[in-house]
1. Report yes if Gly169 is in the same structural domain as Tyr118 (by TED's automatic domain parsing) and at positive phi, otherwise no.
2. Does at least one position in the range 197-211 carry a residue that is touching a residue at least 12 places away in the same chain (Cβ under 8 Å), within 13 Å of Gly264 (Cα to Cα), of a type in the set (Val, Ile, Thr) and not in a loop (DSSP other than H, G, I, E, B)?
3. Do we find that Gly233 is within 19 Å of Ser310 (Cβ to Cβ) and small (Gly, Ala, Ser) in this structure?
4. Scanning the range 1-14 for residues that are under 27 Å from the mean Cα position of the chain (by Cα) and under 26 Å from Ala47 (Cα atoms), which turns out modelled with the lowest pLDDT?
5. Which condition from (1) in contact with a Ser or Thr (Cβ under 9 Å, 6 or more places away or on another chain); (2) within 16 Å of ligand 2 (Cβ to nearest atom) is the one that Leu84 breaks?
6. Considering only the range 243-284, state which residues are touching a strand residue (DSSP E or B) at 6+ places or on another chain (Cβ under 8 Å) and farther than 20 Å from Pro206 by Cα.
7. If you take just the helices (runs of 4 or more DSSP H) that sit entirely in the range 82-177, which of them hold at least 3 residues that are surrounded by fewer than 22 Cβ atoms within 10 Å (Cβ to Cβ) and in contact with a Leu (Cβ under 7 Å, 6 or more places away or on another chain)?
8. What's the total number of residues in the range 277-294 that are touching a residue at least 40 places away in the same chain (Cβ under 8 Å) and either surrounded by fewer than 16 Cβ atoms within 10 Å (Cβ to Cβ) or polar (S, T, N, Q) (or both)?
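The values are calculated or read from the model by the stated rules, or taken from the named source; none is laboratory data. Here the structure is a predicted model, which means the values were calculated and not measured. All Cβ positions, even for glycine, are placed from backbone atoms using ideal geometry, and neighbour counts span all protein chains on display.
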Amino acid sequence: MPAVLDDVSAEILDLKKQLGATILAHYYQDGEVQALADITGDSLKLAREATKVDSPVIVFCGVLFMAETAKMLNPSKTVLLPDLAAGCSLVDACPADKLERYQEKLRINGRKFQTVCYINSSAKVKALSDWVVTSGNAEDIVRNKVPAGYEILFVPDKHLGRYLQEVTGREMILWDGSCMVHEVFSVGDLLKMRRRHPGAKTIAHPECPQNILELSDFVGGTEAMLKYLGGFGRPTEFLVATEPNMLWQFQRRFPQHTYLPVPGITCACNNCPHMARNTLEKIRDCMVNREPEIRWQPEFDRAKDVLARSLLNPPATAPVQPAGD
Ligand code: 13P
Ligand code: SF4
């Protein structure tokens, strides 16, 4: 938290007390938003932490699928999202009706499969899936939860899916979706940076394409990156291929290191435009108006069960029936 708060941040903290609200923020939010939050995290940590919140209101500073996840796991809470238009290119890449038609085609062709969807997907897509994964638990679910003998239909991130195939050895049918931020890191610039900083370690998110991952010393989701950095005692340089607001959190937790963002092909900053919609003013306004609020949708009924068994590690029960079987 900065020593002197600007007016809007001070208003937000006041409103937080009045409303009984807890502010959750993803690591890709601006530093000024992360600084105000009660809890910061990656998708998995935020989903789990949301279930431990005891205040009646959650202000979710992230994108729509994350706020929906918080609502589905906590139906009795009011979940506010500062800007409802904060979407995700991965969600857009996989319309539920198209997925349903594709699953039907696979079944007609006699394919025995389970559908694993990345959490960056709509609630309707989650409701059509057997498992929901984040970058933090994907490997575990693919290795340990999807029964042998089933093919895996992995949606919507083809890069994360390809990476999971490589590390787990499980064959997958990959959907053709990608993250507009991680898809466009410049390989040429990364190669130049590696030449200029020969001692630096390159770290990349598994949403990046193979050509970036092949040049990386460490591949992992945002929480895994923090854990990796924690293992370096001596000051070290890191070349970072993920959303650049992550550097704020790196700097806060491990200020002894130097972090250099890998630029995008067309844009040197490569920020996620969806995350950037949640400004301090919109956070304040959503608390004043108690809107936009995430309201219960019919598809949440099934999606919430898929989310809970995938992310909250309940004790093992009966084997999971594939969706739609
Ligand atoms: P994680 O924070 O779960 O690694 O996800 C990255 C991301 O792109 C979120 O939209
Ligand atoms: Fe979606 Fe990519 Fe933005 Fe994450 S960084 S919200 S995956 S567009």
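1. For Gly169, the condition - in the same structural domain as Tyr118 (by TED's automatic domain parsing) and at positive phi - is met.
2. No, every residue in the range 197-211 fails to be touching a residue at least 12 places away in the same chain (Cβ under 8 Å), within 13 Å of Gly264 (Cα to Cα), of a type in the set (Val, Ile, Thr) and not in a loop (DSSP other than H, G, I, E, B).
3. No, not satisfied.
4. Here the residue is Met1.
5. For Leu84, the failing item is (1).
6. Correct list: Gln251, His257, Thr258, Asn278, Ile283.
7. Helices (runs of 4 or more DSSP H) meeting the threshold: 96-108.
8. 7
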